[in-house]
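Structure, as structure tokens:
The values are calculated or read from the model by the stated rules, or taken from the named source; none is laboratory data. Worth saying up front: this structure is predicted, and the values here are computed from it rather than measured. No Cβ is skipped: glycine too gets one built from the backbone with ideal geometry, and neighbour counts run over all protein chains shown.
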Amino acid sequence: MMRRTLSSRLLGLVLVATAPWAWGQEAAPPEKPAGSILIEAFAFDRGNVKTFVSQYADGGPMVAFGGQSPVVVEYDVEFPVAAEYTLHIRYAAGSSRPVVLSLDGKPVGECCAGVTGSWNTSGARWEETCKLQITQGKHTIKLERPGSFPHVMALRFDSPVAFPRCRLNRRRSSRAESPAVAVTSN
């Protein structure tokens, strides 16, 4: 697995709104969560995926097969409160490419198995993947699949518990001008 260089590492976290293509028009859940963490897929911490910003990325950047199998992408996420988080993943898939989802090295199930009708990110849809009981602190989310990979744009963790108000630093990716991670509390 390849580790990103310091220049491409993320620099922190902030309470912000995010780029419109990261949420997507269909993204707003019927009920607004008390707290939400949105991670743009290209803001991964480890993995062998490739970030696409033009090919298939007409609706925004995404990560997909990077030339090695199994395809692996990992995100280190700082969860501000213990809660049962609902994980949503935004992806595009012209055919089914189920991915194994793991939390802290333990498989919790499959995700991204649906078909959105297009490989282009303009056809991406949000999938409510699962509910995860997560303790406060840093945890690792891993997506893995042998062979081809769905075109993943973003991960969103919705919490029924409000996040504490605190000073947060901005996380930016070297690949985009918009924040790579958004943390909101309502």
_Given the options K131, K142, name the one that is over 14 Å from the mean Cα position of the chain (by Cα) and in a strand (DSSP E or B)._
K131
*Within the stretch 72-97, how many residues are within 13 Å of S159 (Cβ to Cβ) and among the aromatic types (F, W, Y)?*
2
*Within the stretch 63-78, tally of residues that are of a type outside the set (S, T, N, Q) and farther than 18 Å from C111 by Cβ*: 4
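Being assigned to a loop (DSSP other than H, G, I, E, B) and modelled with pLDDT of 95 or more is the requirement here; does S118 meet it?
Values: assigned to a loop (DSSP other than H, G, I, E, B): yes; modelled with pLDDT of 95 or more: yes.
Here the answer is yes, as S118 does meet what is asked.
Take the residues in the stretch 54-112 that are touching a residue at least 60 places away in the same chain (Cβ under 8 Å) and among the polar types (S, T, N, Q); name whichever of them is surrounded by the fewest Cβ atoms within 10 Å (Cβ to Cβ).
Step one: filter the stretch 54-112 for residues touching a residue at least 60 places away in the same chain (Cβ under 8 Å), giving 56-65, 69-92.
Subset that is among the polar types (S, T, N, Q): 69, 86.
Details: S69: 14, T86: 18.
Step by step, filter the stretch 54-112, then rank; the result is S69.
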